[in-house]
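Written out below as structure tokens is the structure these notes cover.
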Amino acid sequence: MDGNRRTTLRDAAALAAEKLIAPEERDAIERVAERYAIAITPDVMDLIDRADSDDPIARQYVPDAREAITTEEERADPIGDAAHSPVKGIVHRYPDRVLLKPTHACAVYCRFCFRREMVGPGGAALDKDELDAAIAYIAATQAIREAILTGGDPLVLSARRLRDLVERLSAIDHLDWLRVHTRVPVADPSRVTNDLVAALKAGKTLWVAVHVNHARELTPEALAACAKLADAGIPLIGQTVLLKGVNDSADTLDELFCALTKNRIKPYYLHQGDLAPGTSHFRTTLAEGQSLMRELRGRLSGLAQPTYVLDIPGGAGKIPVGPDWFDETGAPISPLKP
Ligand SMILES: *Cc1c(COP(=O)(O)O)cnc(C)c1O
Ligand code: SF4
């Protein structure tokens, strides 16, 4: 990127000025924006192919009038985080691990986000007392072995604040390792500075889960940011959401999972889309996801295979959802084409 830092697009007017939405869409998008935050970084903007009305990058980040449609099954808190939040900023669903959400801001706002009712510039970061209380909860709960920083996107925090967080969590004896979930290496790679990497290395073993949904997002800049983390000895895993019109084909997933593996990012989860409001145009069926995973099994290295998972609506936990490898007679199904 050049020296002048270009600005992130944050409203319908800016999207229209960049011709990412048509003038006649502007009113509808303004209404969507009243409910769900918008942010498209210069890096993501450069990736959008304006000539392609089905561009998989645009589809993930440019708001769509269909977001105003909330279906019967959709819910504001699709995986029931609120019911498992003993302290502000903490979600404690599994005994051994907690989510810690230090901020609600993200570098980009994904149109399919399952926390879309919670994230955005309006949802402020935890203040000092709230963060102290969240860390105190982890310190007081012996069963917790892993703290997972998520949000929002924890890598929008300054290197100084991240270092402080990593050091304070690492001082808790019963934590064995930390994990950070982030889209920053892909959406805003220039944030992955040496200072930020050093902050992540300032404590116990820390894994980074890079969120990415399409191989085209793995630009040279994004890959350089990931390489910086990997070269520092930070283990990387990839997390992908299965999204209609973005990556719901075996070829697209094959390309993504191979690109991740080639770049030292182990594909970890392929998520079934959650029932977040206004996201029905992104949702595939479980049968479609299973069929894609079945096809990939025979053609992709085991190293490049993620686990296909569903977060049970309401908050009952994440489960692998197949496909099933036995037919109705109980015989195993070969992944190889006859
Ligand atoms: C997804 C999730 C985790 C992490 O689950 P893993 O299977 O370990 O990746 C932890 N806590 C909550 C509340 C979650 O939703
Ligand atoms: S970066 Fe993550 S939390 Fe933020 S909008 Fe995208 S999916 Fe949601």
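The values are calculated or read from the model by the stated rules, or taken from the named source; none is laboratory data. Not measured: the values here are computed from a predicted model. Cβ: placed from backbone, ideal geometry, glycine included. Neighbour counts: every protein chain shown. For the accessible areas, the whole protein counts, side chains as well, though only heavy atoms, and no ligand, DNA or RNA atoms are used. Shrake-Rupley method; radii C 1.70, N 1.55, O 1.52, S 1.80 Å.
A few notes on this one:
- Only one of the listed residues (V210, V241) is in the same structural domain as V108 (by TED's automatic domain parsing), within 16 Å of ligand 2 (Cβ to nearest atom), within 28 Å of I172 (Cα to Cα) and hydrophobic (A, V, I, L, M, F, W, C). That residue is V210.
- When the range 199-234 is limited to residues that are touching a Gly at 6+ places or on another chain (Cβ under 9 Å) and not β-branched (V, I, T), the one that is farthest from Y268 (Cα to Cα) turns out to be K201.
- Selection of the range 273-313 for residues being open to solvent by 40 Å² or more (accessible area, probe 1.4 Å), within 16 Å of ligand 1 (Cβ to nearest atom) and either touching a Gly at 6+ places or on another chain (Cβ under 7 Å) or in contact (Cβ under 8 Å) with a residue 60 or more places away in the chain (or both) yields I312, P313.
- Any hit, the range 75-92, residues being surrounded by 21 or more Cβ atoms within 10 Å (Cβ to Cβ), within 11 Å of ligand 2 (Cβ to nearest atom) and without any contact (Cβ under 8 Å) to a residue 60 or more places away in the chain: no
Table: residues versus (1) under 18 Å from the mean Cα position of the chain (by Cα); (2) assigned to a loop (DSSP other than H, G, I, E, B); (3) of a type in the set (K, R).
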site: D195; (1), (2), (3): no, no, no
site: G278; (1), (2), (3): yes, yes, no
site: T284; (1), (2), (3): yes, yes, no
site: Y308; (1), (2), (3): yes, no, no
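- Whenever a residue of the range 141-152 is assigned by TED's automatic domain parsing to the domain that holds G120 and open to solvent by 10 Å² or more (accessible area, probe 1.4 Å), its partners that are more than 11 Å from ligand 1 (Cβ to nearest atom) and among the charged types (D, E, K, R), lying with C-beta atoms within less than 6 angstrom and at least six residues away or across chains, give the pairs R145/D176.
- Check on T261, out of contact with any helix residue (DSSP H, G or I) (no Cβ under 6 Å at 6 or more places or on another chain), at pLDDT 95 or above, away from ligand 2 (no atom under 16 Å from the Cβ) and of a type in the set (S, T, Y): no
- Among the candidates D64, D52, D46, D27, residue that is within 16 Å of ligand 2 (Cβ to nearest atom), open to solvent by 30 Å² or more (accessible area, probe 1.4 Å) and over 30 Å from D176 (Cβ atoms): D64
- Cβ-Cβ under 8 Å pairs, at least 6 apart or on other chains, the range 169-190 side over 10 Å from A147 (Cα atoms) and buried (at least 24 other Cβ atoms within 10 Å of the Cβ), far side at pLDDT 95 or above and among the basic types (K, R): V184/R191
- Positions within the range 106-127 being under 17 Å from L157 (Cα atoms) and either within 16 Å of ligand 1 (Cβ to nearest atom) or modelled with pLDDT under 95 (or both), in sequence order: V119, G120, P121, G122, G123, A124, A125, L126, D127
- Scanning the range 38-51 for residues that are of a type in the set (G, A, S) and either in contact with a Leu (Cβ under 9 Å, 6 or more places away or on another chain) or closer than 18 Å to V186 by Cβ (or both) turns up just one, A39.
- Candidates T252, T285 - the one that is within 30 Å of R35 (Cα to Cα) and polar (S, T, N, Q): T285
- Some residue of the range 218-234 being among the aliphatic types (A, V, I, L, M), touching a Ser or Thr at 6+ places or on another chain (Cβ under 6 Å) and buried (at least 19 other Cβ atoms within 10 Å of the Cβ): no
- Identity of the residue in the range 93-105, among the charged types (D, E, K, R) and near ligand 1 (Cβ under 10 Å from one of its atoms), that ends up surrounded by the fewest Cβ atoms within 10 Å (Cβ to Cβ): D96
- Neighbours by Cβ (under 9 Å, 6+ apart or cross-chain): first from the range 104-119, free of Cβ contacts under 8 Å to residues at least 60 places away in the same chain and more than 7 Å from ligand 2 (Cβ to nearest atom); second assigned to a loop (DSSP other than H, G, I, E, B) and of a type in the set (K, R): H104/R115; M118/K101
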